[in-house]
Amino acid sequence: MTTTPAAPKAPPEAFVRPPQELRTKKSSPFPYALLAPALAVLAILVAWPILKLIVTSFQEYGRAQAFGAPPEWVGLDNYAEVLTSGEFYAVLGRSVAFMIVAVVLTMTLGTLVALLMIRLGKAMRMLVTVGLLLAWAMPALSTVMVWGWMFDTRYGVVNYLLTQITGSDWAGHSWLIEPLSFFLVLGLIVVWMGVPFIAFTMYAGLTQVPAETLEASQLDGANARQRFFQIQVPFVRSIIIVLIVLSVIWDLRVFAQVYALQGIGGLYEKTSTLGVWIYQKGTASGDFGFAAAAAVVMVFIMLLISLYYVRQTLKEDD
Amino acid sequence: MAASILPAPTTTPAPVVVSTKRPVPPQRVVANVLFGVVAVVVFVCSVFPVYWMVSSSFLPTNLVRATVPTFFPGSDFTVDNYVRAVTDDTRADFVPALQTSLTVTFLTLVAALVIAFLASVAIGRYRFRGRKQFIVAILVVQMIPGEAMLLTYFQLIDGWGMLNMVLGLTILYVAMVLPFTVWTLRGFVTAVPVELEEAAMIDGCSRTRAFWKVTFPLLAPGLVSTGVFAFIQAWNEFVLALVIMSRPESMTLPVWLRTFQQATKATDYGALMAGSVLVAIPVIIFFLFVQGRMTGGLVSGAVKG
């Protein structure tokens with residue numbers, strides 16, 4: 001095992017290189033041939049289900065329809081139902097609030113750990129790397145089970161430690177039954193799982209900042225904070241944007257962790273996030289039309305959030 | 001190694017090293033100790049849940065269910081939990097689930113890498129009609145909650161007669177990881193200068209040969225980091241697996257792990273932790289195997305967006 005995550009093999013100037021010229025024979029069929037397998041898979045297994053999802057969102061589609069009964073067109077009824085139900089706004093608010101807290105915490109902690117790794121000596125950096133790597137490699141479901149066990153009401157180590165530290169009696173305290181502390185545990189799980197990826201990526205990005213620039217700014221009297229915000233951050237700006245967009249998408253779509261944690265203990269009505277709620281409405285209770293409309297609304301919300309980034313990607317591509 | 005590019009003054013001096021002419025100022029020693037302490041805290045926070053999982057998995061049931069938790073198995077060390085986790089007759093068998101998971105993950109990894117590689121070369125190296133729409137599409141597709149489309153997936157796979165078959169689940173997983181893998185690999189392909197290939201062509205290589213000899217080796221980190229992503233996704237996924245592989249003998253490991261929690265009886269946490277360890281081991285092995293090449297790759301991919 002090597003001690004640190006290796007630096008990118010691509011030369012550093014890849015960061016500043018203007019978009020290079022592509023081969024521009026517009027009529028050549030070759031790129032289409034390369035694209036064909038991906039297009040086939042995506043058309044059948046992504047585009048078709050999405051089309052079906054959109055169609056279903058305009059239909060009365062229940063269990064009977066799933067087994068072959070012809071669905072009835074209901075226009076925008078499903079959307080109206082979604083957008084006028086108080087439940088939707090409760091779930092949306094909960095999901096967005098959770099996402100914001102989780103993204104801010106993951107990004108902040110990940111960046112701080114990356115800065116720490118840069119500052120550390122070789123041995124200590126190795127220690128941090130090994131720790132992060134272990135956390136990163138843990139499968140999602142194993143992770144939820146372990147945290148659920150640590151926060152167990154009767155035999156959990158957290159209650160025991162809290163009793164020892166605070167002096168008051170935490171034995172028998174149920175963390176998952178209260179929605180707020182349920183989200184605390186969920187947040188711990190999501191942040192714990194998310195920090196290693198952010199830390200490693202930021203670390204690899206920050207090691208690319210030219211040493212001379214940092215040295216020069218230090219000679220000019222810039223302190224660590226100024227160096228961070230005025231040199232390092234602008235340099236890794238594109239990485240930060242990608243990481244934020246990815247974290248937003250992942251944390252808003254969080255499913256397995258919520259679903260499994262609810263299985264350990266937790267009230268469905270009070271703790272469901274968008275993904276789990278859509279799953280419960282559709283697959284679990286059979287109202288597929290409603291679930292489809294909710295999913296389409298959710299995609300629109302994500303698009304709004306990431307619109308800036310999508311446009312940026314296209315602009316850079318020109 | 002990444003560290004060698006770093007500015008020396010801010011990073012290297014450790015309190016014990018006296019190779020520089022100036023003595024290390026005392027504030028610097030304090031700072032170094034402080035950072036060391038923080039590093040240990042980060043390490044403990046990262047590792048403790050993993051340690052707790054392993055430690056609990058080796059404890060006898062009476063110590064797992066004890067008011068005062070045991071922090072180290074010591075002389076009470078036992079593998080009973082593993083025996084129970086693997087041989088319990090009331091739940092699905094472990095070995096078939098392991099086989100299914102390994103096969104599905106491996107097939108997904110290979111298929112997704114090959115297909116995504118071809119596609120990323122197309123959009124990274126050529127300009128053609130529909131290219132931009134394709135890039136936007138693979139970005140947007142990642143925002144769609146797959147949970148809403150479970151019924152359609154089920155109907156599709158059922159229609160092909162592939163329910164409870166490795167192939168059926170693999171096809172779905174390939175589709176699931178493809179948008180992200182194409183998107184990441186594209187960043188790597190564009191990061192390799194076309195001029196390198198052209199130089200090889202001027203030296204007499206054919207375009208195909210130039211690509212394989214020059215560009216392809218430079219894409220190795222990209223393939224590794226995208227492969228890791230595909231591996232984790234396929235290994236962890238369990239909602240699709242729950243719907244498509246409903247028979248006990250065709251379960252995957254995550255679904256198998258869920259069967260430890262049964263509504264009718266209290267969760268056997270010792271066995272559950274043993275099961276969690278068993279599910280985690282292949283991923284940890286895989287990670288240790290590829291980690292050196294991984295994270296750097298993520299950056300060069302991310303930078304190009």
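Only the coordinates and a few stated rules stand behind these numbers; no lab work does. In this text, all values refer to a predicted model and were calculated from it rather than measured experimentally. All Cβ positions, glycine included, derive from the backbone under ideal geometry; neighbour counts span all protein chains shown.
Numbers at a glance
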item	result
Listed residues B:L107, B:V83, B:F72: farthest to the positive end of the dipole of the range B:70-137 (Cβ charges)	B:L107
Fluctuation leader among A:G263, A:G110, A:G275 - chain A, Gaussian network, Cα springs under 10 angstrom	A:G263
Cut-off 12 Å between beta-carbons: net charge of the residues surrounding B:A266, Lys and Arg +1, Asp and Glu -1	+1
Positive minus negative residues near B:F216 (Lys, Arg vs Asp, Glu; Cβ under 11 Å)	+1
Loop-located chymotrypsin sites (Phe, Trp or Tyr not before Pro) in the range A:67-131 whose Cβ has at most 11 other Cβ within 10 Å (DSSP)	A:F67
Cα gyration tensor category, rounded, prolate or oblate, for the protein assembly as shown with a/c compared to 1.5	oblate
DSSP H segments from chain A that extend 20 Å or more along their own axis, Cα-based, with Kyte-Doolittle mean of -0.5 or above	A:86-119, A:122-137, A:179-206, A:237-252, A:288-317
Per-residue Cβ neighbour rank within 10 angstrom, fewest leading, B:S225, B:S276	B:S225, B:S276
For chain B: relative contact order, % (alpha-carbon pairs under 8 angstrom, 6 or more apart)	27
Part-to-part distance (alpha-carbon centres) for the range A:269-310 and the range A:49-124, which is given in Å	5
Cβ-based exposure ranking for B:D158, B:D89, in which fewest neighbours within 10 Å come first	B:D89, B:D158
Under the span-like rule (Cα at least 18 Å along the axis, Kyte-Doolittle mean at least -0.5), DSSP H helices of chain B	B:26-57, B:94-125, B:166-191, B:220-236, B:269-303
Charge-dipole axis of the protein assembly as shown as Lys and Arg at +1 and Asp and Glu at -1 on Cβ define it, positive-most pick from A:M145, B:V279, B:L150	B:V279
Helix-derived mean residue ellipticity, 222 nm - over chain B, DSSP H n ≥ 4, -39500 (n - 2.57), to 500	-22000 deg cm²/dmol
Shape call, chain B: gyration tensor on alpha carbons, a/c limit 1.5	oblate
Local electrostatic count, A:G289, Cβ distance below 14 Å [Lys/Arg +1, Asp/Glu -1]	-2
Cα-centre dipole for the protein assembly as shown with unit charges at Cβ (Lys and Arg positive, Asp and Glu negative), debye to 20	1740
Given charges at beta-carbon only (K, R positive; D, E negative), |dipole| of chain A in Debye	820
Footprinting exposure proxy for A:T153, A:T84, A:T207 (fewest neighbouring C-beta atoms within 10 Å first)	A:T84, A:T153, A:T207
Over chain A, relative contact order from alpha-carbon pairs under 8 Å, at least 6 apart, %	28
C-alpha center-to-center spacing [the range B:194-231, the range A:194-222] in angstrom	29
Most mobile listed residue (A:G187, A:G167, A:G121) in chain A, GNM with C-alpha springs under 10 Å	A:G167
